[in-house]
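S.K.: Quick one: the structure is below, and I'll ask about it shortly.
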Amino acid sequence: MAAAASASSLFSSPSTTTPTLPRLPPFPPSHLSLSSSSSSISPLFLRSSSIPRSFTASPSLAFRAMANAAVKTKKKVLIVNTNSGGHAVIGFYLAKDLLGSGHDVTVLTVGDEASDKMKKPPFNRFDEITSLGGRTVWGDPAKVGEVVGDGAAFAVVLDNNGKDLDAVRPVADWAKNSGAGQFLFISSAGIYKTSYEVPHVEGDPVKEDAGHVAVEKYVAGLSFGSWATFRPQYMIGSGNNKDCEEWFFDRIVRDRPVPIPGSGMQLTNISHVRDLSNMLVLAVENAEAANGNIFNCVSDRAVTFNGLAKMCAQVAGRELKIVYYDPKAVGVDAKKAFPFRNMHFYAEPRAAKSVLGWSSTTNLPEDLKERYDEYVKIGRDKKQMQFDIDDKILESLKVTVAV
């Protein structure tokens, strides 16, 4: 029986136990947060319903009564879905959730249905959408009208593809001209400016040169009957094709050390995609309440790198060996060596709770069990893998890896 998970640090000599690392400010109250994109959006363009830092996270009784009394109307929804990266699974879950709630859904995926990308999840599971009555099409979002059919009209159009204005403008303009009443855009929490105050909340400064920010401003200026933008971060869930927890499993199941940059106490946010989809469904079904808002599309809890590694080891039933390192000292690119930003980076879903009456169901210890079961089911635990960057880190630290 595999040993119970326990964390231990491996170092080759006393000199490696205290590497020269950038000092992370304590938490709380002040510590670094990061964002990789560059941009900032002035709260001035937001509607009065935007959520300032002081806004309460508890939904008002008045809103709850309004939401409970609302009559659901069947809506025709178009989801423009990316064909790569972690965001594709958002469109997949949303399509199924909307169909399950009685809406009419078309998913336009970028590219060609016959491409190799479509052989990977979540695309190879699109029969789950069509079996519920959904429609799936492929093509160029810049020609969205041709792809979905001349004269096609939708009450709601959601862009889960574009990262800059060149990519989103054709979809947004077409939606406006074809009479869509609501436009939703999947942006990114990565656009927040680095700050000593975390978590990031809606209304915090963002970096003005980020492509997502230009899109957010453009959509706000199109005068849709309802519009909103959503800023997701890292996500977990069946069908995700971007490594997150798998990165840890790959090393743990092979009894390899897990190299973590810095102290491992950096905070981040990982959300189950079902939560993100549920937030979007609420916005579709409560368009008036959602109108003019920016929503952090995240769970309401943060996790440390060390904590995530320990939970991954626990669900795998393996011992955990962590090696801490300074990327600059060992000469590696932290972005290539580790699946997360090497600093504190997390947001809070304050607006979704207050405006939409949303609540999170993400439970990492349980959600990781689901992911590990799938990891083993597809045979990834037995797959031959190379760990070239890891080996460079471990060699620099003089840590030996058993073959």
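S.K.: Using amide H atoms built in the peptide plane, which far-off residues or other-chain residues are under 5 Å from TYR234 H to H?
M.R.: Under 5 Å from the amide H of TYR234: ASN269, SER271.
S.K.: Starting at the first residue of the range 194-205, write each ³J(HN,Hα) from the Karplus equation 6.51 cos²θ - 1.76 cosθ + 1.60 with θ = phi - 60°, in whole Hz, x for Gly and Pro.
M.R.: Once rounded to whole Hz, the list reads 4, 8, 7, 9, 9, x, 5, 10, 4, x, 5, x.
S.K.: Right, another one. I'd like the distance separating the alpha-carbon centroids of the range 250-315 and the range 129-203, in whole Å.
M.R.: That distance is 22 Å.
S.K.: Excluding TRP174 itself, what net charge comes from residues whose Cβ is under 15 Å from its Cβ, given Lys and Arg +1 and Asp and Glu -1? If you can, show how the numbers build up before the last one.
M.R.: Numbers: positive: LYS76, LYS143, ARG169, LYS176; negative: ASP140, GLU146, ASP150, ASP159, ASP166, ASP173.
Charge balance in the 15 Å sphere: -2.
S.K.: What is the order of PHE126, PHE345, fewest Cβ neighbours within 10 Å to most?
M.R.: PHE126, PHE345
S.K.: Taking neighbour Cβ counts within 10 Å as the exposure measure, how do LEU78, LEU99 sort from fewest upward? Before the final figure, lay out each step's value.
M.R.: Values: LEU78 28, LEU99 19.
Exposure proxy ranking, most exposed first: LEU99, LEU78.
S.K.: Now a separate question. Within 13 Å, Cβ to Cβ, of THR194, how many net charges do the neighbouring residues add up to if Lys/Arg are +1 and Asp/Glu are -1? Don't skip to the end; give the middle numbers.
M.R.: Details: positive: LYS193, LYS207, ARG341; negative: GLU197, ASP204.
Value of the local net charge: +1.
S.K.: Residue by residue through the range 263-278, what is 3J(HN,Hα) from phi via Karplus (6.51 cos²θ - 1.76 cosθ + 1.60, θ = phi - 60°)? Round to whole Hz and write x for glycine and proline.
M.R.: Running phi through 6.51 cos²θ - 1.76 cosθ + 1.60 with θ = phi - 60° gives 8, x, 9, 5, 9, 9, 10, 10, 10, 6, 5, 5, 5, 5, 5, 4 Hz.
S.K.: Then there is this: Starting with the highest mean, order 277-286, 196-205 by the number of other Cβ atoms within 10 Å, averaged over the residues of each peptide.
M.R.: 277-286, 196-205
None of the figures in this text is laboratory data; all of them are computed from the coordinates on show. Quick caveat, the model's predicted, so the values are computed rather than measured. Here Cβ is always computed from backbone atoms with ideal geometry, including for glycine, and neighbour counts include all displayed protein chains.
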